[in-house]
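Colleague: Handing you this structure, nothing more for now.
The values are calculated or read from the model by the stated rules, or taken from the named source; none is laboratory data. Here the structure is a predicted model, which is why all the values come from computation and not from measurement. For neighbour counting, all protein chains shown are included, and Cβ atoms are generated from backbone atoms with ideal geometry for every residue, glycine included. These area figures cover heavy atoms from the full protein model, side chains too; ligands, DNA and RNA do not enter into them. Shrake-Rupley method; radii C 1.70, N 1.55, O 1.52, S 1.80 Å.
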Amino acid sequence: MFLYNLFKGETMDQSSNFPYIHGFSPEEQNRLRTQALFGEYAIYKEINFSKVKKVLEIGCGTGAQTEILLRRFPDLKLTSIDMSDKQLTEAQRLLGNNPRVNFLKMDAQNIQLEEKFDGAFICWMLEHVPSPEKVLASALKSLRQDGVIYITEVMNFSFFLDPYSPNIWKFWMAFNDYQYENAGDPFIGAKLGNLLQKVGFKDIQTRVTTWHFDNRSPEQRKETILFWKELMLSGADQLLKENVISEEVIENSKKEFDNVANDSNAVFYYSFMQAEARA
Ligand SMILES: C[S@@+](CC[C@H](N)C(=O)[O-])C[C@H]1O[C@@H](n2cnc3c(N)ncnc32)[C@H](O)[C@@H]1O
């Protein structure tokens, strides 16, 4: 895809010839693990694979969710796919000895597996692909009849911080515009119902989960704001290289994040979408 040529350096997995806004550095790989553990309680509250034997994990990254799935559902066998050699190498390093998981390199938009699965799992991945519809159609083909799919996805329009922080806003808008213009979709969560219906899933349910932290939970609020700082800044190098943001906005954003994190009256708000459906 032409737009893909815009991505360079750390954000390009050279061996797989494909881009990813957060990049593939060791810091990013650690961030994915922190992110998975940070979100575990909220994400897995409604995910139930306890009666499911074989699950296809689509876009497994460094294996951060794989580890959680294996731990939470001790009878589960996983086939976990990703398109990036770098992510898969890290996942293999983390979990390669576990006989319950098989990591495979594959484009999720064109899954080529003979095997049929009882379940599928997608987390923070559809936002990065040019055709989420193809991923879901591929997932549907890989599921046996009545197999269940769980998807967790971003809705970046829902982010709010108080006190108002103008540089963080500039950064966030640039981050989302950049992802949107480069064949990703930072707003995809809200569209999951339509997408699942279009490709032929049934019994579709969607749920919005909100992280809303204020004076009632000051420790969680601070932890979340600092986590968000890391998440946003993981895109900074790329946005700077592409000239869509200035060094000054990045530096001011860092200061604003620290100010809000230490403000005794701050508010953090973000909602994401989860979908569940049957093949
Ligand atoms: C934000 S990471 C999420 C990883 C993991 N699900 C987690 O929550 O830690 C997105 C992953 O999707 C992978 N990815 C992006 N496009 C893909 C595609 N077309 N096929 C397979 N994997 C893809 C990237 O390599 C990356 O590892």
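Colleague: Taking R0 as 22 Å, what's the FRET efficiency between E115 and Q92 from their Cβ-Cβ distance, rounded to 0.05?
Modeller: Efficiency computed from Cβ-Cβ geometry: 0.65.
Colleague: Might you work out the accessible area of I245 for me, using a 1.4 Å probe with all protein chains in place, and round it to the nearest 10 Å²?
Modeller: The accessible area comes out at roughly 20 Å².
Colleague: So if I take the centroid of the Cα atoms in segment 21-95 and the same for segment 118-174, what is the distance between those two points in Å?
Modeller: Measuring centre to centre over Cα atoms gives 15 Å.
Colleague: Turning to a different aspect of this structure: Taking all protein chains in place and a 1.4 Å probe, what share, in percent, of the accessible surface of the chain do carbon and sulfur account for?
Modeller: 50
Colleague: Translational diffusion coefficient of the chain at 20 °C, 1.002 mPa s, Stokes-Einstein with Kirkwood Rh over Cα pairs, in µm²/s as a whole number.
Modeller: Working: Rh = 19.4 Å.
Estimated diffusion coefficient is 111 µm²/s.
Colleague: Continuing with the same structure: How many Å² of accessible area per residue for the chain, probe 1.4 Å? Mind showing how you got there, number by number?
Modeller: Values: 12850 Å² over 279 residues.
Per-residue value: 46 Å².
Colleague: Right, another one. How much net charge surrounds I225 when only other residues with a Cβ under 14 Å from its Cβ are counted (Lys, Arg +1; Asp, Glu -1)?
Modeller: Summing Lys and Arg as +1 and Asp and Glu as -1 gives -3.
Colleague: Same structure, new question: Which order do L240, L196 take by accessible area at a 1.4 Å probe, largest first?
Modeller: From most exposed to least exposed: L240, L196.
Colleague: In the chain, what % of DSSP beta bridges are antiparallel (nearest 5)?
Modeller: 50
Colleague: Tabulate in residue order the Karplus-calculated ³J(HN,Hα) for segment 88-103, using 6.51 cos²θ - 1.76 cosθ + 1.60 with θ = phi - 60°, rounded to whole Hz; enter x for Gly and Pro.
Modeller: Once θ is set to phi - 60°, the couplings for segment 88-103 become 5, 4, 5, 4, 4, 4, 6, 10, x, 7, 7, x, 8, 10, 10, 8 Hz.
Colleague: Between D263 and D203, what is the FRET efficiency for a Förster distance of 41 Å, r being their Cβ-Cβ separation, to the nearest 0.05?
Modeller: After rounding, the FRET efficiency stands at 0.40.
Colleague: Applying 1/(1 + (r/R0)^6) with R0 = 30 Å to the Cβ-Cβ distance of S131 and E242, what FRET efficiency is obtained, to the nearest 0.05?
Modeller: Values: r = 23 Å, r/R0 = 0.75.
With a Förster radius of 30 Å, E is 0.85.
Colleague: Here's a follow-up. With a sphere of radius 9 Å drawn around the Cβ of Q179, what net charge do the other residues whose Cβ falls strictly inside it have (Lys, Arg +1; Asp, Glu -1)?
Modeller: Working: positive: none; negative: E127, D177, E181, D185.
The answer is -4.
Colleague: Another one. Please work out how much length the chain gains when fully extended from R100 to F160, using 0.36 nm per residue of separation minus the C-alpha to C-alpha distance, in nm with one decimal.
Modeller: Between R100 and F160, full extension yields 17.6 nm more.
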